[in-house]
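These notes are about the structure you will find just below.
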Amino acid sequence: MKKTRRINLISNKNFESRKTSLQLVEKLEQRGFIISEKYDNNAELNICVGGDGAFLRAVHKNKFPSIPFVGINTGHLGFFQEILPIDIDSFINSYIDGDYLVETISLVDAEIHTKKKPYRLTGVNEIVVKSIRSKVIHLDLSIDGNHLEKFSGDGIIISTPVGSTAYSFSCGGSVVYPSLETLQITPLAPINSKAYRSLMNSAIVPGDLTITIVPETRYSNSTLIVNDGIEFKYDNIEFINLKMSNKKIYRLNFDRNMYWNNLKSKFL
Ligand code: NAP
């Protein structure tokens, strides 16, 4: 018996996305696919319609699924969203022909240890440790148990390779090719004084090393954790361990040159 091929369609609510989604449903159903707008764990593909923000929300809402994503871009220039609405037909043909690569996206995990209990977060772009209020924050940073710096400033970004073109890049971080298994530590407005000394530029470390951030005791209740733009507040933070996650997500790539084209048109 022929297996039914199911696809999840995840769209934001803007007009262009809704219009594109209707076209996708019609064209994919004509080719024999069953399209579900309610997340189906038995689907073979997640199509996300929107900008990079819509992709990030889809990944978080569906708990970092192993079903691969493909993005139809109705936002600005998208690093996650490869296909333009005018290219839907060629996307469907290439998908049916299997003419694509499956890219692995590495994620970052944070374990936030508070006096009471630990909490876990996973990020696609980055996890930021900063002050709740617009005040300077003091953080001790160690890598695999080796104390590196006493940071003073706005905060520290721990960015994944895909996140290197997002917030980290705006703060002077380097572009890191997505297939590299690394994390980038990017300082936010670091202050160097006699008491607090930290690197003024970002550092890129292997993803399997543990980065530990300890807020000075007086900041244990005023430290904000921002995961892909979503804010989290915890009481009595003792320390935060960050490393590359064992979880991975996947996206289909239909154009090997897309990354370089995106980089050039967005930043140069
Ligand atoms: P948003 O404030 O609506 O969008 C932030 C911008 O970041 C959008 O232009 C978005 O692209 C872009 N972006 C997201 N991921 C990217 C990536 N991997 N590479 C290149 N650009 C990327 O917030 P949002 O849409 O919910 O996204 C949350 C992200 O915003 C965070 O993960 C953080 O990286 C980023 N952010 C950046 C800054 C900054 O650069 N100063 C400050 C705060 C947060 P689209 O237009 O395609 O959606």
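Within region 3-23, the set of residues being among the aliphatic types (A, V, I, L, M) and either surrounded by 14 or more Cβ atoms within 10 Å (Cβ to Cβ) or touching a Ser or Thr at 6+ places or on another chain (Cβ under 6 Å) (or both) comprises I7, L9, I10. Please tell me if I72 is at negative phi, at pLDDT 95 or above and surrounded by 13 or more Cβ atoms within 10 Å (Cβ to Cβ). Yes, satisfied. Restricting attention to region 221-235, and to residues there that are surrounded by fewer than 19 Cβ atoms within 10 Å (Cβ to Cβ) and modelled with pLDDT of 95 or more, which single residue is farthest from the ligand (Cβ to nearest atom)? Among those that are surrounded by fewer than 19 Cβ atoms within 10 Å (Cβ to Cβ) and modelled with pLDDT of 95 or more, it is K233.
Given the condition among the aliphatic types (A, V, I, L, M), part of a strand (DSSP E or B) and within 15 Å of the chain's Cα centre (by Cα), answer yes or no: does some residue in region 95-102 qualify?
Filtering region 95-102 down to residues among the aliphatic types (A, V, I, L, M) leaves 96, 101-102.
Filter once more, keeping what is part of a strand (DSSP E or B): 101-102.
Remaining after also requiring within 15 Å of the chain's Cα centre (by Cα): none.
No: zero hits.
Flag set for T186, criterion: within 16 Å of the ligand (Cβ to nearest atom), touching a helix residue (DSSP H, G or I) at 6+ places or on another chain (Cβ under 6 Å) and modelled with pLDDT of 95 or more.
Quick one: in region 124-150, which of the residues that are within 16 Å of the ligand (Cβ to nearest atom) and assigned to a strand (DSSP E or B) is modelled with the lowest pLDDT?
Step one: of region 124-150, the residues within 16 Å of the ligand (Cβ to nearest atom) are 124-132, 134.
Checking which are assigned to a strand (DSSP E or B) leaves us with 126-131.
On the way: E126: 98, I127: 98, V128: 98, V129: 98, K130: 97, S131: 93.
Among residues in region 124-150 that are within 16 Å of the ligand (Cβ to nearest atom) and assigned to a strand (DSSP E or B), the one modelled with the lowest pLDDT is S131.
From the list I96, I127, the lone residue that is β-branched (V, I, T), touching a Ser or Thr at 6+ places or on another chain (Cβ under 9 Å) and surrounded by 13 or more Cβ atoms within 10 Å (Cβ to Cβ) is I127. Among the residues of region 104-123, those identified as touching a Ser or Thr at 6+ places or on another chain (Cβ under 8 Å) and within 13 Å of the ligand (Cβ to nearest atom) are I105, S106, L107, V108, T122, G123. In region 64-85, the residue that is nearest to G123 (Cα to Cα) out of those that are away from the ligand (no atom under 13 Å from the Cβ) and touching a Ser or Thr at 6+ places or on another chain (Cβ under 9 Å) is F64. Whenever a residue of region 151-163 is in contact (Cβ under 8 Å) with a residue 12 or more places away in the chain and part of a loop (DSSP other than H, G, I, E, B), its partners that are acidic (D, E) and within 11 Å of the ligand (Cβ to nearest atom), lying with C-beta atoms within less than 7 angstrom and at least six residues away or across chains, give the pairs T160/E126. When you scan region 23-43, do you find a residue that is touching a residue at least 60 places away in the same chain (Cβ under 8 Å) and either within 16 Å of the ligand (Cβ to nearest atom) or in a strand (DSSP E or B) (or both), even just one? Looking for residues that are touching a residue at least 60 places away in the same chain (Cβ under 8 Å) and either within 16 Å of the ligand (Cβ to nearest atom) or in a strand (DSSP E or B) (or both), one finds none in region 23-43, hence no. Considering the conditions (1) under 20 Å from D228 (Cβ atoms); (2) in a loop (DSSP other than H, G, I, E, B), I10 is excluded by exactly one of them, (2).
The values are calculated or read from the model by the stated rules, or taken from the named source; none is laboratory data. In this text, all values refer to a predicted model and were calculated from it rather than measured experimentally. Glycine also receives a Cβ, built like all others from the backbone with ideal geometry; neighbour counts cover every protein chain displayed.
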